[in-house]
């Protein structure tokens, strides 16, 4: 399947781009790692292939709080 066909099919089925899908999977996996308390925030970010800055930005977009606010119990 070509790249453009994948993009069109994913947009038609899920209304999300391949990049957004991959980003969401990464953030959800990092969220799971944060909950398990196995790794600190930076380690979670690097483990899923994001820089800590990117991770914080995308995490806040998805969950409404920063990762540090989330793990400190200040969940909105």
If you check 6, 33, which single one turns out to be free of Cβ contacts under 8 Å to residues at least 60 places away in the same chain, surrounded by 15 or more Cβ atoms within 10 Å (Cβ to Cβ) and either touching a helix residue (DSSP H, G or I) at 6+ places or on another chain (Cβ under 9 Å) or part of a helix (DSSP H, G or I) (or both)? 33
Filter segment 38-74 for residues that are touching a residue at least 12 places away in the same chain (Cβ under 8 Å) and assigned to a loop (DSSP other than H, G, I, E, B); the one that is surrounded by the fewest Cβ atoms within 10 Å (Cβ to Cβ) is 64
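A short reminder: the numbers here are calculations on the coordinates, not readings from a lab. None of the values given here were measured: they were computed from a predicted structure. Heads up, the Cβs are rebuilt from the backbone with ideal geometry, glycines too, and the neighbour counts pull from every protein chain shown.
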